[in-house]
Amino acid sequence: MRIDLHTHSRVSDGTDTPTMLVMKAFQAGLDVIALTDHDTFDGVPEALEAGKRIGLKVVPGIEISCKLEGKTIHLLGYGCDLWNRALNEELAKVRVGRTQRLPEMCERLRTLGIDISLEELMESAQGAPSIGRPHVADALVAKGIVADRQEAFDRFLASGRPAYVPRYSIALERAIDLVHEAKGVAVLAHPWGRGGKEVLTAPVIERLVRAHGLEGIETDHQEHDRDTRLLLFELGARLGLLRTGSSDYHGAKRPDRPIGAYTTRKSAYLELLSRIRARGGSA
Ligand code: AMP
Ligand code: ZN
Ligand code: FE
Ligand code: FE
């Protein structure tokens, strides 16, 4: 059984529609995927529908942009009630904050001699409900200013780079609580990827488990090297956590992350389902 619990569609910063994503997962021989778009559930109903038609299990999910001690941390929520009010209100704040900073990002790029209009950004986002830095990166690629998204972040968009503008994000502890209020299960996405290790130390993760009921950590992810995956696997075992794996698929914009590149063990998946049911969520 092949299970990939973290994927993105065009509804956030991937390139496939939810239906295309499910078809590609099926063609890649997967049995289960979770759709975990950034800060929105908008793609989930279509993915669930496609899953039923195509014969692939789809777990409803989300990847929430959070902050812990000033650092960006991503939290995966599984099995949430898609219409939970408190959660959706916070997600809307993140999406609005992401879009509101665009004029300032354009302005900063202009002072660097790069002219990108809001219209071009809308074009590159293809109707996504919130336009983020990855879409700005895509516009820079389209203009031939950088070769790929990564170069755009490294030169312009990452925190500390000249076109970076901060935005609203949810405190990690609050996001975990909100996922639970929505009857979902909370799993830290790529906890030790991209500088996460500095803030998400083992004692901090333990505190999130004890004080907020964090249920899991994503261990097998492209941003974790082999040693990191093993260390996280052991840490998760010690803390009684779900340990998941995923491709973090983003479609054509990230060819380095083919769907199913990393997967979740069947036992961890079944445990996830039973924890979602215990919370009263749906999966
Ligand atoms: P935003 O929510 O608009 O601030 O953009 C955040 C998204 O940009 C994340 O979900 C990542 O997919 C991507 N991202 C953030 N930092 C980097 C980085 N240093 N290199 C590549 N992609 C990044
Ligand atoms: Zn993304
Ligand atoms: Fe992420
Ligand atoms: Fe992701």
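The residue among 142, 112, 126 whose Cα reaches farthest toward the positive pole of the charge dipole of the range 102-157, with charges on the beta-carbon of Lys, Arg, Asp and Glu, is 112. Dividing the Cα radius of gyration of the range 102-157 by its Kirkwood radius returns 0.92 for Rg/Rh.
Among residues other than residue 115 with Cβ under 13 Å from its Cβ, the summed charge is 0 (Lys and Arg +1, Asp and Glu -1).
Fully extending the segment from residue 107 to residue 168 would add 20.0 nm, taking 0.36 nm per residue of separation and subtracting the current Cα-Cα distance. Here the chain is assigned +1 on the Cβ of each Lys and Arg and -1 on the Cβ of each Asp and Glu. Its dipole about the Cα centre then comes out at about 460 debye.
DSSP beta bridges confined to the chain are antiparallel in about 40 percent of cases.
In this simple spin-label approximation, residue 282 and residue 230 carry label points 7 Å from Cα along the Cα→Cβ vector, and these lie 4.3 nm apart. Residue-wise HN-Hα couplings along the range 23-38, as the Karplus relation 6.51 cos²θ - 1.76 cosθ + 1.60 with θ = phi - 60° gives them from phi, are 5, 5, 4, 4, 5, 7, x, 7, 9, 9, 10, 10, 8, 10, 5, 5 Hz; Gly and Pro carry x. Using the alpha-carbon atoms, what tilt in degrees (0 to 90, nearest 10) does helix 202-212 show relative to the longest principal axis of the chain? The angle comes out at about 70 degrees.
Values quoted throughout were computed directly from the atomic coordinates according to the rules given, and no laboratory measurement underlies them. These figures come from a predicted structure and were not determined experimentally. So basically every Cβ, Gly included, is an ideal-geometry build from the backbone, and we count neighbours across all protein chains shown.
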